[in-house]
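Encoded as structure tokens, the structure appears first; notes follow it.
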Amino acid sequence: MLGQKLRQSKNPVIVCGTEIVPETTPRLAADNALLLRAAKNRAGLFYLMPGPNAFGAALLSSGDGSLMDVVEAIEGGG
């Protein structure tokens, strides 16, 4: 089922965590992204790194709003 959905996708992207997965998983994700790129001429790979990013951490620690305010600002392009 996943293979069929990837074949139907115009711009397939693999999102892979790096902290709670087996050590071999990020490499497997990269290999699969290469296979997708070969089959579809485009594919993306995005690794989720452990811990917050500096910008996100600053937003959440500023105390100027709730998490929902931050999510709404992100979704609104702000």
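Computed from the coordinates by the stated procedures, all read-outs in this text should not be read as laboratory data. Because the structure is predicted, anything quoted here is derived from the model rather than measured. Using ideal geometry, Cβ is built from the backbone for each residue, glycine included, and neighbour counts are taken over all protein chains shown.
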Given only helices, namely DSSP H runs of n ≥ 4 each adding -39500 (n - 2.57), what is the per-residue ellipticity at 222 nm of the chain, to the nearest 500 deg cm²/dmol?
-15000 deg cm²/dmol
Once amide hydrogens are built 1.01 Å from N within the peptide plane, the residues lying 5 or more places from Gly17 or on another chain with amide H under 5 Å from its amide H are Leu48
For the chain, the dipole about the Cα centre with charges only on Cβ (Lys and Arg +1, Asp and Glu -1), to the nearest 20 debye, works out at 760 debye
